[in-house]
Amino acid sequence: MGIEEKLPSGVLLSTVEGLAGYMRKASFWPATFGLACCAIEMMTTGGPKYDLARYGMEVFRASPRQADLMIVAGRVSQKMAPVLRQIYDQMAEPKWVLAMGVCASSGGMFNNYAIGQGVDHVVPVDMYLPGCPPRPEMLIDAILKLHDKVQATPFGANRRAQIAELEAEGLVALPTGDQRGLLR
């Protein structure tokens, strides 16, 4: 005999953290941060054929202070990295990052001094989406997987500890200038 049998029907049991996670996942507001060809696929996802509004993401925000999801779509150059970090720092907590495309995830085919070899050297990434460029269906699938991750994410002091741990991992990562690829 659990507590479920003793409660009248229609009573819903949950935690505040679970309810807050559901509200967070149902109201993502992504920041517009398209850098290359992946941005076209990201824009298509927001259009009428794929309709991100079904998932509470109908508005791509131009202001980082109004966004909680940064979709980095395309290659990140060394000159763009500080701007990317500044926009990430201006976003309100809680915030998440989705690296869209192989260029944002690992530098892609651009293994040179001008292109960063992954956006995870600049900001902590919560979800990687491979492809060159990934299709809108793939972006929707990655967003739905991120929804599951967001619903299970702690908040408050537990979230701050998790963010500090992710930032520490990013700081000990090999700097982009010291990376050696296949062409070097």
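Of note:
- Shape class for the stretch 84-184: oblate, because the ratio a/c of the largest to smallest gyration tensor axis (alpha-carbon atoms, square roots of eigenvalues) is 1.5 or more and b/c is at least a/b.
- The stretch 112-179 and the stretch 14-30 have Cα centres lying 20 Å from one another.
- The angle between the Cα long axis of helix 157-171 and the longest principal axis of the Cα atoms of the chain comes to about 20 degrees, rounded to the nearest 10.
- Nonpolar atom fraction for the stretch 31-153, defined as the carbon and sulfur part of the 1.4 Å probe accessible area, stands at 58 percent.
- Rounded to the nearest Hz, the phi-derived 3J(HN,Hα) couplings of the stretch 131-145 under the Karplus curve 6.51 cos²θ - 1.76 cosθ + 1.60 (θ = phi - 60°) are x, 9, x, x, 6, x, 4, 5, 5, 4, 4, 5, 5, 5, 5, where x marks glycine and proline.
- Acute angle (nearest 10 degrees) that the helix 16-25 long axis makes with the longest principal axis of the chain, alpha-carbon atoms: 50 degrees
- The slack between residue 158 and residue 113, meaning 0.36 nm per residue of separation minus the straight C-alpha distance, is 12.4 nm.
- GNM flexibility winner over the chain from 144, 69, 174 (Cα, springs under 10 Å): 174
- Remark: the Cα gyration tensor places the stretch 41-112 in the oblate category, a/c being 1.5 or greater and a/b not exceeding b/c.
- Per residue, the accessible area of the chain comes to 56 Å², computed with a 1.4 Å probe over protein heavy atoms only.
The values are calculated or read from the model by the stated rules, or taken from the named source; none is laboratory data. Here the structure is a predicted model, which is why all the values come from computation and not from measurement. Side chains are part of the model used for accessible areas, which takes the heavy atoms of the whole protein and leaves out ligands, DNA and RNA. Shrake-Rupley method; radii C 1.70, N 1.55, O 1.52, S 1.80 Å.
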